[in-house]
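Inspection log for the structure reproduced underneath, given as structure tokens.
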Amino acid sequence: MSSYPVLVQPAGLRFEAPAGTSVLLAAQAAGIKLPSSCRNGTCRACMCLLVEGSVVYAIEWPGLSRDEKEEGWILPCVAQATSALEIQAPGAAPIEAQPPAVRPLTGARR
């Protein structure tokens, strides 16, 4: 299976996007958080600018206007890389490991 390098600006984060996998899921698998919400191409929370490269969509008509597509906007939640990509996603950041939740001692036995 082939994969494509993705550069996320302005943070300079990098990851590999396997063919057939959404850019959003590939980023998460690499420990990078991109803004998202619905994950089905309608809410537009993940919308970012494609600076270089090409994508195909997993759905017939993602929530972008024709003008937005022509300007280079993509929805990483349903976009799949077909080449190396450079995207502008100002909200991107490394996923930080969450410490385990501390449960208060109550004296109750289980």
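The values are calculated or read from the model by the stated rules, or taken from the named source; none is laboratory data. These numbers were taken from a predicted model, which means no experiment stands behind them. Glycine gets a Cβ as well: all are built from the backbone with ideal geometry, and neighbour counts include every protein chain shown. Areas reflect the complete protein model, heavy atoms only, side chains present, ligands, DNA and RNA absent. Shrake-Rupley method; radii C 1.70, N 1.55, O 1.52, S 1.80 Å.
A few notes on this one:
- The condition of being at pLDDT 95 or above, open to solvent by less than 90 Å² (accessible area, probe 1.4 Å) and hydrophobic (A, V, I, L, M, F, W, C) holds for only one of Ala45, Ala108, Ala58, Ala27, that being Ala27.
- Residues of segment 86-103 that are at pLDDT 95 or above and either touching a helix residue (DSSP H, G or I) at 6+ places or on another chain (Cβ under 7 Å) or open to solvent by 90 Å² or more (accessible area, probe 1.4 Å) (or both): none at all.
- Picking from residues in segment 16-35 that are closer than 13 Å to Ser83 by Cα and among the hydrophobic types (A, V, I, L, M, F, W, C), the one that is nearest to the chain's Cα centre (by Cα) is Val23.
- Looking across segment 33-42, just one residue is surrounded by 20 or more Cβ atoms within 10 Å (Cβ to Cβ) and out of contact with any helix residue (DSSP H, G or I) (no Cβ under 9 Å at 6 or more places or on another chain), and that is Gly41.
- Search result, residues across segment 61-85 that are without any contact (Cβ under 8 Å) to a residue 40 or more places away in the chain and buried (at least 16 other Cβ atoms within 10 Å of the Cβ): Pro62, Gly63, Leu64, Glu68, Trp73, Leu75
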